Every structure is written in C-alpha cells, then in structure tokens.
Amino acid sequence: MAVKVHALCNLLQKVTHFRSISTTSNLLRFNQPLSGNEMPRAGGIASMMRLPVQQSTDDLDVCFVGVPLDIGVSNRSGTRFGPRQTRTESALIRAVNVSTGAAPFESLQVADVGDVWLNLYNLPKAVNDIADGFSKLMANGCKTLAIGGDHTMTYPILKAVAKKYGPVGLVHVDAHTDTQDTMLGEKIAHGTPFRRAVEDGCLDCQRVVQIGLRGSGYGHDDYDWGIQQSVPSLGIKVKYNLGIWRTFFLWYYYQDFELFLLLNAGTSLSAL
C-alpha cells in the first residue's frame, strides 16, 4: 500500500504541477487552510481542510464538493453523512506534505463549495441531479474533488466529466469492480456505475485501470466483462496507460484500507 500511495502522490504532483517551494507572495495570492495557530483545530467552520467556503466555482482552479448519497447501497446505509464527517476529520490536515514536497495551495486556488443538491427519495432522479450539479461546477474549467457518498455517484459524475472533456481514463482503487449489469433488477445501483459509464461512452477503456480487486464474488466469471472491455485489473504501468497529459478520473474507495476502519462501507469486505 505504501508503494501505491507514493506512486499515486508522484503522479498527482506531476499532473497538477504542485509547487514544492514556499513563497510569501503565493501564500497571499491563494486561499490557505486555516492554521491551527490561528484557530484551534477543534474550532472554526468545518469546511474541507478549513478552506474558505463559497457558493460557486468562480475564480477557482479546484473545488471540494460533497455528494451526500447512500440510497444506491445494497447493505449498509449512512454514507450520506460522509461529506460532513470527512470535512470534520480534515481539520487535522495541514497545507504542505513534507514527505513529497507537495504544496497545492501555493499554486492552486481551492475552496469548499458545499454539497451538490440531490433527491434522496428517488435514485434515478438523484443521478440526474448530480450530473447537472457537476456540469455547472465544471463549466468554467474548475476541477472537482468529490466527497461521497456511495459508489452510485461515480456514474453521474463521469457523465458530467465526459460531457465536457469526452471519454476519460480512470484509476479505480476498490475491492469490487462495480461493473455488474443489474442489482435486484435495477440498472442503477452502487455495484453498476462503471458498466453504465462504459455503455454511455464516458470511459476510454484503454486508459482504465482497477487496483485492489479481491475477496469473494458471485462466480468465477465476475471479472470477465471488464476483461472483455480491455480493462486491466492490476496497476501495472498506470502512468503510461493514462498518458500523463491526458484527462483521467480518480476514484478511491476506503475498502482498500483495513477492515476495522470500514465502519460505514456499503458492503464491507470479508475474506474467505
């Protein structure tokens, strides 16, 4: 896991041109997380990383946005509270990664734009709401960092991304492929988003990689559909498959942490 995280940090650092040299002028120019020396970390507004909050993506390079969705899960609900709790925990994150040198707030204008509106009583409607919301957020070129929320949310977000940029690459870190055709007869659910995204032309399957697939399944052919779409199931040469200057989508699910941390996963992973 340490090797994966280090490689991913290096990739993100190159893609977003993170600066590793601090300058006073940049600190004054870009939004900065509220320091624990300015306000104790137990206090202040619970925005993502204690960044400023604004209602739109005007003048932003990147925004954090919550997707409080959990009506697509088959087992445990509760991920609708994920954005709120993630913001609370993020109060401990500081502005600079000393290990990698990444200092994103010295070269990017970032803010928390709150949560996207969605209908929690109608899943197909919620999917449309999320797609519309992200289309508006990305209209001016702002890059979105979404906080979820169950896996169903990736489908409408990918629809919005593809609408603006065309088919994109995907780095998907998860225990499950989420490429089922249906769940209880329904086409839209937390186990089907990437199948729907491929069918809708949102993904360039030559630049899709799924990392961390493991655990029990429904049958020996669980991975066959993805293989037929030419989707690699191992993170081999991810950088070269994606193309360092091309658009891609990163989805990381916390099932790839240890099981005792998965207190609110829709389907926690058990080993055989």
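The values are calculated or read from the model by the stated rules, or taken from the named source; none is laboratory data. These numbers were taken from a predicted model, which means no experiment stands behind them. Here the Cβ positions follow ideal geometry from the backbone for every residue, glycine too, while neighbour counts run over all protein chains shown. What goes into the accessible areas is simple: the full protein's heavy atoms, side chains included, and nothing from ligands, DNA or RNA. Shrake-Rupley method; radii C 1.70, N 1.55, O 1.52, S 1.80 Å.
Structure notes:
- Search result, residues across segment 192-232 that are part of a loop (DSSP other than H, G, I, E, B), under 13 Å from residue 177 (Cβ atoms) and in contact with a helix residue (DSSP H, G or I) (Cβ under 8 Å, 6 or more places away or on another chain): 192, 212, 229, 232
- So residue 90, is it of a type in the set (S, T, N, Q), assigned to a helix (DSSP H, G or I), more than 14 Å from the chain's Cα centre (by Cα) and within 25 Å of residue 198 (Cα to Cα): no
- Test result for residue 70, farther than 13 Å from residue 33 by Cβ, among the acidic types (Asp, Glu) and open to solvent by less than 30 Å² (accessible area, probe 1.4 Å): yes
- Residues within segment 55-67 that are among the charged types (D, E, K, R) and surrounded by 14 or more Cβ atoms within 10 Å (Cβ to Cβ), tallied: 1
- A Cβ distance below 8 Å, combined with a sequence gap of six or more or placement on separate chains, defines the contacts here; from segment 102-131, residues that are closer than 15 Å to residue 54 by Cβ and modelled with pLDDT of 95 or more reach residues that are of a type in the set (Ser, Thr, Tyr) and surrounded by fewer than 19 Cβ atoms within 10 Å (Cβ to Cβ) in the pairs 108/16; 113/56.
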